[in-house]
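> Handing you this structure, nothing more for now.
A short reminder: the numbers here are calculations on the coordinates, not readings from a lab. Since the model is a prediction, treat every value here as computed from it, not as a measurement. Virtual Cβ from ideal backbone geometry, glycine too; neighbours counted across all protein chains shown.
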Amino acid sequence: MMIAAKDPASWGVSPSPQTGIEVEPSLHSHATHLLMSRLLDEPAGLVSESPVVGLSPTPTPTSSAPQPAMRLRPFQRIGEYRLIARLGRGAQGEVWKAVRGAGRHRVVALKILNPGLSIHHRRLAQFRREAERGARLVGPSLLQVVDAGEADGFFFMAMPFIEAVTLHDVIRERRIRRQGDPVEPLHPIVDLDDARYYVEAARTIARSSRALDRIHVHRIVHRDVKPANILLERRSPFGVFLCDLGLGRDLDQATREQMRDGAGTPMYMAPERLRKDPADEILSDVYSMGATLFEALTLGRQFEPIRDVPLPALAPMLAKASPRTPRAVDPNLPACFEPVILRAVAPEPQDRYQSAGALADALDNAAAEAHRRLNTGVNCHRPRHLDPRRRSADVRAEMR
């Protein structure tokens, strides 16, 4: 299969309309726009982060077979793109900051498939489907695929480049801060007092939930919602983006066997997916967003730390485990958030919010109530450095 780099339509990828995303031309040391795909079609496709307290943003490869080295280097050209710096590496390939000659999306995050995988029709078809899905998704908090194709022996897809950190990074730094140790100024939310952090973290998940709802409207499910796949922009307007559809599925095309392949990150997977039961995948995504909400607000997880458990045994163990309540993990959590979290992570799908949009609405209401009760401002004003109406130069000056 040959795909012309200059003809996105040959993949079914249409040229992008303007997305309104501010492109930052400089690479920052904390730019973690890591859009690593997972191996979508492997039956043993469980992707696990560390089952202990620590989180790893790097996905565990789902295939033990070594792949040929990419051998990409700065300033190398791939079609119209010139590589600048590598942002991340995963089982499927690499993501690079790259530039092209002109146009709105001159600076992009270029996701490049490992040539060793491109010879396999199944893996190449997976990469193509991911690009096609990404091109259809337009709207706030979504990073649309703006170009895709093949050039100089490499298959690629391009997305807007943003200078961002993951929610996983923020949670890690908040844990360190809670212990009284100095933290890195990754993002303004890290340095907020607890009262404001609860509100801003809830608003972050509400924005991510609305992005997930937009994905569902297109009959696409994410299947890997977790803190590592939510990006927080480091500069004004402080956007929030739900990324990485590498495990996503088109509900109107996927077979029942494909939907029960067990792919995902166990700590955030709904019980029915851990058991590989028939599932309403939209409600399973809602559960995963609820598990992410739990961790973002409490800085802990639903389940007690699990140590020294082989990956094949982790999923069935979690499916039978008894989760903790949010305020058992963080007694200081405002009470108005607990029922929202508990409904989102209800073991039975019919007891959850029936859409990600409904979860977002409930979170917005809880955040407003917490704002009032915690005396953070009757009018619910955001902290000045998180107000998207402020000029970027003023924000950067305060962050120095």
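> Post the alpha-carbon centroid distance, the stretch 197-244 to the stretch 290-358, in whole angstrom.
When both Cα centres are located, 18 Å separates them.
> Here's something else I'd like to know. So how far apart, in nm, are the two label points at LEU311 and ARG106 if each is 7 Å from Cα heading toward Cβ?
My value for the distance between the label points is 4.2 nm.
> Rounded to a whole number of µm²/s, how large is the Stokes-Einstein D of the stretch 164-386 at 4 °C and 1.567 mPa s, given Rh as the Kirkwood radius over C-alpha pairs?
It comes out at roughly 73 µm²/s.
> Looking at the square roots a ≥ b ≥ c of the eigenvalues of the Cα gyration tensor of the stretch 136-214, which shape do they give, rounded for a/c under 1.5, prolate if a/b is larger than b/c, or oblate? Before the final figure, lay out each step's value.
Working: a/c = 4.05, a/b = 1.86, b/c = 2.18.
It comes out oblate by the Cα gyration axes.
> Quick one: if you stick a label point 7 Å off each Cα along the C-beta vector at ASP194 and ARG71, how many nm between them?
Output for this residue pair reads 5.6 nm.
> Still on this structure, I have one more. What list of ³J(HN,Hα) couplings, whole Hz, do you get for the stretch 288-303 from phi and the Karplus terms 6.51, -1.76, 1.60, once you set θ to phi - 60° and write x for glycine and proline?
So the J values, rounded to whole Hz, are 4, 5, x, 5, 5, 4, 3, 6, 5, 7, 8, 6, x, 10, 4, 10.
> Could you give the spread of the C-alpha atoms of the stretch 221-343 along their three principal axes, from largest to smallest, in whole angstroms?
43, 38, 28 Å, listed from the longest principal axis down.
> Full extension from ARG256 to ILE176: what is 0.36 nm times the residue separation minus their Cα-Cα distance, to one decimal in nm?
Details: separation 80, 0.36 × 80 = 28.80 nm, distance 4.27 nm.
Result: 24.5 nm gained on full extension.
> What size of dipole, in debye to the nearest 20, comes out for the stretch 164-386 about its Cα centre when the only charges are +1 on Lys and Arg C-beta atoms and -1 on Asp and Glu C-beta atoms?
Values: 32 positive and 31 negative charges, 64 e Å.
For the stretch 164-386, the charge dipole is close to 300 debye.
> Using a Förster distance of 30 angstrom, determine the FRET efficiency expected from the C-beta separation of ASP280 and ARG324, and round it to 0.05. Display every interim value, and only then the final one.
On the way: r = 25 Å, r/R0 = 0.83.
The pair ASP280/ARG324 has a calculated efficiency of 0.75.
> With a 10 Å Cβ neighbour count serving as the proxy for reagent exposure, in which order, fewest first, do VAL107, VAL286 appear?
Details: VAL107 19, VAL286 30.
The most exposed by this proxy come first: VAL107, VAL286.
> Quick one: length gained pulling GLU304 to ASN332 fully straight, 0.36 nm per residue minus the C-alpha distance?
On the way: separation 28, 0.36 × 28 = 10.08 nm, distance 1.87 nm.
The GLU304-ASN332 span can extend by a further 8.2 nm.
> Okay, which of the stretch 112-148 sit inside 19 Å, backbone N to the point 7 Å along the Cα-Cβ direction of ARG89?
It comes to 112-118, nothing else.
> Ok, one more. Report relative contact order for the stretch 72-139 in percent, whole number only (criteria: Cα-Cα under 8 Å, sequence separation at least 6). Provide the component values of the computation, followed by the final result.
Numbers: 80 pairs, mean separation 12.7, N = 68.
It comes to 19 percent, rounded to a whole number.
> If I stretch the segment between ARG82 and ASP351 completely, what's the gain in nm (0.36 nm per residue apart, minus their alpha carbon distance), one decimal?
91.9 nm
> What is the spin-label model distance, in nm, from VAL183 to ALA151 if the labels are put 7 Å beyond Cα along the C-beta direction?
So the two model labels end up 4.0 nm from each other.
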